[in-house]
């Protein structure tokens, strides 16, 4: 690990004002710190968001679940409010990584990093969530841009994520047995605006499966999507799974998620 400076501000405005071009915000650190340890990245300064109390916590009001950016996966998984409002979200959070990752990793860190195999991006997109920052609000559909890329601008900090409570929802993933990242994960939700199907792990970035959404609009059942194939071109292909295999898994995981939701 290369040397760097460290700051732990107590407020969002202080944190935003101390970040430079070669600096990084530190949330849970589950992706950033291993990268720094292996000297695959170098920063001049880490700005630790862990001391900002306003970035933590969960609340439910008016048919909406609000989760602070520095809330850990374990807190989401164990929250009675989340379990009652969106049980699929609590279940998903409870199956991220292992116990150590769940107790250190945060929702804000996960979505800001936008790992192609992360679980949370599919939940945000499927549920039609909104990402709130220190300067604006961004719809989930517009937040995730590409591989490890989001709509966040320099000095912009995720403060919370709000989720509309769906009529029903579920998540199913085929995990890498070592890392528990999703080789393919599919989050399905029946929302006030219709069915939404979001896929993670399969491509460079989370995406919606519009053919499945159209099929579910008339028949919300696993059988409605079982014959729908996803084009494998553009999907990830690596030592863990080929693009064709990932395309097949999308149909399988989607059917399982729909049956679990229904």
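State the number of residues belonging to the range 10-28 that are assigned to a loop (DSSP other than H, G, I, E, B) and surrounded by fewer than 18 Cβ atoms within 10 Å (Cβ to Cβ).
Residues in the range 10-28 being assigned to a loop (DSSP other than H, G, I, E, B) and surrounded by fewer than 18 Cβ atoms within 10 Å (Cβ to Cβ): 5 in total.
Kindly establish whether residue 208 is on the phi < 0 side of the Ramachandran plot and outside the structural domain of residue 55 (by TED's automatic domain parsing).
Criteria met by residue 208.
For the range 217-262, how many residues meet the condition of being part of a helix (DSSP H, G or I) and in contact with a helix residue (DSSP H, G or I) (Cβ under 6 Å, 6 or more places away or on another chain)?
Matching residues across the range 217-262 total 7.
With (1) within 14 Å of the chain's Cα centre (by Cα); (2) assigned by TED's automatic domain parsing to the domain that holds residue 243; (3) surrounded by fewer than 22 Cβ atoms within 10 Å (Cβ to Cβ) as the list, and residue 182 as the residue in question, which single condition is left unmet?
Among (1) within 14 Å of the chain's Cα centre (by Cα); (2) assigned by TED's automatic domain parsing to the domain that holds residue 243; (3) surrounded by fewer than 22 Cβ atoms within 10 Å (Cβ to Cβ), the lone unmet condition for residue 182 is (3).
If a residue counts only when it is touching a strand residue (DSSP E or B) at 6+ places or on another chain (Cβ under 8 Å) and either modelled with pLDDT of 95 or more or buried (at least 22 other Cβ atoms within 10 Å of the Cβ) (or both), which strands (runs of 3 or more DSSP E) contained entirely in the range 39-99 have at least 2 such residues?
58-61, 64-68
Exactly one condition in (1) part of a strand (DSSP E or B); (2) closer than 19 Å to residue 27 by Cα is false for residue 171; which is it?
For residue 171, the exception is condition (2).
Of the residues that make up the range 111-123, is at least one in contact (Cβ under 8 Å) with a residue 60 or more places away in the chain, under 25 Å from residue 203 (Cβ atoms), out of contact with any helix residue (DSSP H, G or I) (no Cβ under 9 Å at 6 or more places or on another chain) and part of a strand (DSSP E or B)?
no
The values are calculated or read from the model by the stated rules, or taken from the named source; none is laboratory data. Predicted model, so just to flag it, every value in this text is computed and none were measured. When we count neighbours, we look across all protein chains shown, and the Cβ atoms used for this are built from the backbone with ideal geometry, even at glycine.
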